[in-house]
1. Name the long-range amide H neighbours of Ile44: under 5 Å, sequence gap of 5 or more, or other chain; modelled H, no Pro or chain starts.
2. Kirkwood hydrodynamic radius for the range 186-317: how many Å is it when counted over pairs of different Cα atoms?
3. Where does each of 222-231, 149-158, 184-193 land if you order them by average Cβ count within 10 Å, highest first?
4. In what sequence do His72, His119 fall when counting other Cβ within 10 Å, fewest first?
5. Quickly work out the Gln93-to-Lys294 label distance, labels modelled 7 Å from Cα along the C-beta direction, and quote it in nm with one decimal.
6. How large is Rg/Rh for the range 148-204, to two decimals, with Cα atoms and a Kirkwood Rh?
7. Divide, for the range 25-177, the radius of gyration over alpha carbons by 2.2 N^0.38 Å, where N is the residue count.
8. Students often check this: by mean Cβ neighbours within 10 Å, which of 266-272, 297-303, 91-97 ranks highest, and how do the rest follow?
Amino acid sequence: MSNGSDFDQVQKTTQSHRLTIEEVLLPEAGVNVALGKTAVQSSICSSTHGCHGNIPVDASRAVDGNTASDYHDGSCTHTTEEDNPSWWVDLGQPYAIGRVTIFNRMDCCPERLNPLNIHIGDSAQVSENPRCGGDHRLYVKWPSISVSCQGMKGRYVGVRLPGYRRVLSLCEVQVFSGVNIALGKTAVQSSRNGWSLGNPRSAVDGNTASDYRLRSCTHTAGEANPSWWVDLGQPYAIERVLIFNRMDCCPERLNPFNIHIGDSDQVSDNPRCGGDHQIDVNRPSISVSCQGMKGRYVGVRLPGFRVLTLCEVQVFPGRPSLHLLYAVV
């Protein structure tokens, strides 16, 4: 009976008002929605411009699923030297974008990418779309940067280098849907190292910089089973947890680590997401699938007498298959 009443009410509403519906796809948070999609760039470097004529450098190289960072492997894009070079991918329809991960060229010239802008919107002209943040900078010793875009909506995701006579080379661009629900939430850790740096909220400040000296990483004292946790404010079904490690020193300290999810503010009382996790110490981040585990608190704990440092923790909930935003006007 209630279903019929609801339908009747919608029918009456639509007869006297205009119903505006916006469809925004929210696929699973861990899915790269750019993979294999149509990509374009503002120019293509060729032998005429000094590039190797037998190495493919077209825009599709950044969405081929290959993150290899050596240009000579044939999986990186390359524009000519030009003003404001740009690259963009057509996702086919609008998505709510959680983050964009960019893989840089590392065999040569990694500094060329700095600074960069990310644009998201429904225009095929990159610069006409809103920017995700401001000028982003990649730490040139590491192959990738992950930028949070907090649900910005759009069909096109673009990378643009502002300035004169610049060259844009991208080895992969990954686009993930979903919103980081840990951002700006209350965070706690089991101890502090006694210095002014290392605050627990540094892991939920939106800054994924992996150099501790930049004041965006946590730091406990050396202790038994050090832990850090974030209060999401209410229970969520957690699809994925993304952890950014410290890279200027001691990246091996994080191994092994446990992730706990549940409704207790005591980390170890909550169930574990998987077992002992290990991060590749040559990579700044690790993404751990938690398959919809439910809880208000998400924690990271190091078993044993250890020191815990986290440069960012991002938490992504499970998906609804299609999100309908509507307004009756």
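No value in this document is a laboratory result; all are computed from the given coordinates. Just so it is clear, the model here is predicted, and its values are computed rather than measured. Methodologically, a virtual Cβ is constructed for each residue, glycine included, from the backbone with ideal geometry; neighbour enumeration extends over all protein chains shown.
1. Thr80
2. About 14.3 Å, per the Kirkwood formula over Cα pairs.
3. Packing order, densest peptide first, comes out as 149-158, 222-231, 184-193.
4. Going from sparsest to densest Cβ surroundings: His72, His119.
5. 2.9
6. Result: Rg/Rh = 1.15.
7. This ratio for the range 25-177 stands at 0.95.
8. Ranked by mean Cβ neighbours within 10 Å, highest first: 297-303, 91-97, 266-272.
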